[in-house]
Amino acid sequence: MSRMPECDKVLLVQAELDGELDAAAAAALAAHRADCPVCQAATAELAQARALIERGQLYQKMPQEVRRRLTAQLAAARPRASPPRLRVVRQWWRSAASFGLGATCAAAVALLVVLPRGPDLAEQIVAGHIRALQPGHLADVTSTDQHTVKPWFDGRVDFAPPVKDLAAARFPLSGGRLDYAGNRPVAALVYQRDKHIIDLFTWPGDAGLNAPEIGQRQGYNFVHWSQDGMVLWAVSDLEASQLREFAEAWRRSP
Amino acid sequence: MLPHLDAAYNLARWLMRDRAAAEDVVQEAMLRALSYFASFKGVNPRAWLLQIVRNAAYTSQGLDRGAQLVPIAETAEPGMVTGDDLVSDADDPEAALIKARGARQVHELIAALPVELREPLILRELEELSYKEIADITNTPIGTVMSRLFRARRLLAQSALASEAR
């Protein structure tokens, strides 16, 4: 095994791979790595480890037959676990348990209902926008060409963000960066209208919003909607009417 | 039906020595999860369930602690990678290396990692949990999670490289 000299920034290299660095820290790391052979080597090594893992097909799903057996066992065990004195919820529980499998289904529904939900997504999005407006934080890739911006995201996020050039609608693309919202890494595309910056955050999902919905936080307007399996949030200091125009231009663009 | 059963099973399979022990752990964990679900106040039920699985695994007899630190086993089976050996892009050693690794061998390399390295690797790479979530699940400081994850990946890359060199 080769011994490598150490650099205390290698864990940041890894954090970047894991989508745990914000744009500012990622930019600082890129500057450092340009002169640090240890971090360059770590980048290659970590990429190799990830490639091995992806190749390994390591996820071990529960076999159907185990699932059946387990579900039956859980259903059978549930009534015994019920305490003698029952409150309303537990009573409900027990009646569900008397259906055997039904109890397990109810628990499954309960587990499903409590979906992860951030404190307030709009707040996170606006905060991400404000952070990005600080000098030098706006874009990790600066380009007006959608064919440069889109591939930049390859390997940086686990989805291919839709990148559209809206120059014809007077919203030229100016770049993109990685950001973090709703407990996941997201793609942020940067557009401009005159001197105003528009951040468009996007990630896979469906918020069930076909028509754009407008809102305001801390003096910034935002509009969000879902389209083609992606959630989209645009934030800017533009007037609400112009931001709505942006959303419409995006939605209509092929 | 139960949305996180696969996640529970996957973690158990990677922590436990064999399939039977993993099934026991999942069953135990699900019973606990169903009993305590009312008291669950977090935002991520999957991470919460994985924490219960993890705790059940650690109190079980069948936990696979992983004996060897640097597993470079001669376990590659004859014929396993022959098809993949015909790699044309010899200019790119990384691509060639990756092509030559059978999925099975990667599996064995990870299974042989010490459990404290294997665990964060599985949670990060297969469950795609954040450092913070892994720290909570494993009851470990976040800095320790990061360094263990790094060691796990480095060991994996280097053992793959070492067995390639033979």
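Quick notes on this structure:
- Taking the stretch B:123-134 as the range and being at the interface with chain A (Cβ under 8 Å from one of its Cβ atoms) and touching a residue at least 12 places away in the same chain (Cβ under 8 Å) as the test, the residues that pass are B:Arg124, B:Leu126, B:Tyr131.
- The lone exception for A:Val186 - which of (1) in a loop (DSSP other than H, G, I, E, B); (2) touching a helix residue (DSSP H, G or I) at 6+ places or on another chain (Cβ under 9 Å) it fails: (1)
- Residue in the stretch A:21-32 that is within 26 Å of the chain's Cα centre (by Cα) and under 28 Å from B:Gln105 (Cα atoms) present: no
- Given (1) within 14 Å of chain B (Cβ to nearest Cβ); (2) in contact (Cβ under 8 Å) with a residue 12 or more places away in the chain, number of the condition A:Val141 does not satisfy: (1)
- Hits in the stretch B:31-63 - residues which are more than 12 Å from every other protein chain (Cβ to nearest Cβ), of a type in the set (Gly, Ala, Ser) and either outside any helix (DSSP H, G or I) or without any contact (Cβ under 8 Å) to a residue 24 or more places away in the chain (or both): B:Ser60, B:Gly62
- Check on A:Leu243, of a type in the set (A, V, I, L, M), out of contact with any Cys (no Cβ under 6 Å at 6 or more places or on another chain) and not in a loop (DSSP other than H, G, I, E, B): yes
- Flag for A:Asp206 being part of a loop (DSSP other than H, G, I, E, B), of a type in the set (Asp, Glu) and not assigned by TED's automatic domain parsing to the domain that holds A:Ala25: yes
- Top-ranked residue of the stretch A:22-52 - restricted to ones that are aliphatic (A, V, I, L, M) and in contact (Cβ under 8 Å) with a residue 40 or more places away in the chain, ranked as farthest from B:Glu133 (Cα to Cα): A:Ala27
- The sole residue among A:Gly102, A:Gly118 that is modelled with pLDDT under 75 and under 27 Å from A:Pro185 (Cα atoms) is A:Gly118.
- Residues being buried (at least 17 other Cβ atoms within 10 Å of the Cβ) and either part of a helix (DSSP H, G or I) or not assigned by TED's automatic domain parsing to the domain that holds A:Phe246 (or both) - total across the stretch A:131-180: 6
- Among the conditions (1) at pLDDT below 80; (2) more than 7 Å from every other protein chain (Cβ to nearest Cβ); (3) assigned to a helix (DSSP H, G or I), A:Ala26 misses just one, which is (1).
- Qualifying residue in the stretch A:51-64 (condition: more than 7 Å from chain B (Cβ to nearest Cβ), more than 28 Å from A:Asp154 (Cβ to Cβ) and not charged (D, E, K, R)): yes
The values are calculated or read from the model by the stated rules, or taken from the named source; none is laboratory data. All of these numbers come straight from a predicted model, not from anything done at the bench. Heads up, the Cβs are rebuilt from the backbone with ideal geometry, glycines too, and the neighbour counts pull from every protein chain shown.
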